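Some notes on the structure that comes next.
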């Protein structure tokens, strides 16, 4: 299973990175209905920070992002599973396929977390460089502008019509 495929199924909802029940069911090669049944039978294993049900506006927002039609529709709002909820699914769906897929999903979540941390570090370093070099660049820009302005003023001065006494050359 490709890491990129799993990463494309991870969404940001309510400040959590989550995977939807239908996507997980497809990865586990089971029906969404069966996955939801297993979760409902073990609901005490899934606190709100492990799994939550999307509300209609969240579902509609997700649906419009993927430009899917409303044809057929869903009767029930999807469950969204956080990284911990996906890990808990391994204990609820105790099949070799579920265990294999869970390992790949956890790796995808870990990769995304490391990527986010690396990007935060890069952004912090860029901000440091910007603040450190901003003053130096500001001074350089001011000097360049002064030189350009001075050069322009000098050209204008040379192009002016001279005033004063004009002598004619002798014949």
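Read-outs: derived from the displayed coordinates by stated rules, not from any lab. What you see is a predicted model, and the numbers here were worked out from it, not measured in a lab. All Cβ positions, even for glycine, are placed from backbone atoms using ideal geometry, and neighbour counts span all protein chains on display.
Highest first, please rank the peptides 46-52, 102-108, 115-121 by the mean number of other Cβ atoms sitting within 10 Å of their residues. Mind dumping the intermediate values first?
Numbers: 46-52: 16.4, 102-108: 18.3, 115-121: 10.3.
Going from most to least packed, we get 102-108, 46-52, 115-121.
Note down the relative contact order for segment 3-122 as a percent, whole number, built from C-alpha pairs under 8 angstrom at least six residues apart.
On the way: 108 pairs, mean separation 40.1, N = 120.
About 33 percent, as a whole number.
Sorted by mean Cβ packing within 10 Å, highest first, what order do the peptides 25-33, 91-99 take? Please list the in-between numbers first.
Working: 25-33: 16.0, 91-99: 13.7.
Order by mean packing, descending: 25-33, 91-99.
Want the number for residue 12 to residue 94: 0.36 nm per residue separation, take away the alpha-carbon distance, what's left? Present the calculation step by step, with values, prior to reporting the outcome.
On the way: separation 82, 0.36 × 82 = 29.52 nm, distance 2.68 nm.
Contour length minus the Cα-Cα distance gives 26.8 nm.
If each of residue 40 and residue 55 carries a label point 7 Å out from its Cα toward its Cβ, how far apart are those two points in nm?
Roughly 2.3 nm, to one decimal.
Tell me, what is the percent relative contact order of segment 1-44, built from C-alpha pairs under 8 Å that lie six or more residues apart? Present the calculation step by step, with values, prior to reporting the outcome.
On the way: 21 pairs, mean separation 9.1, N = 44.
Over segment 1-44, the number comes to 21 percent.
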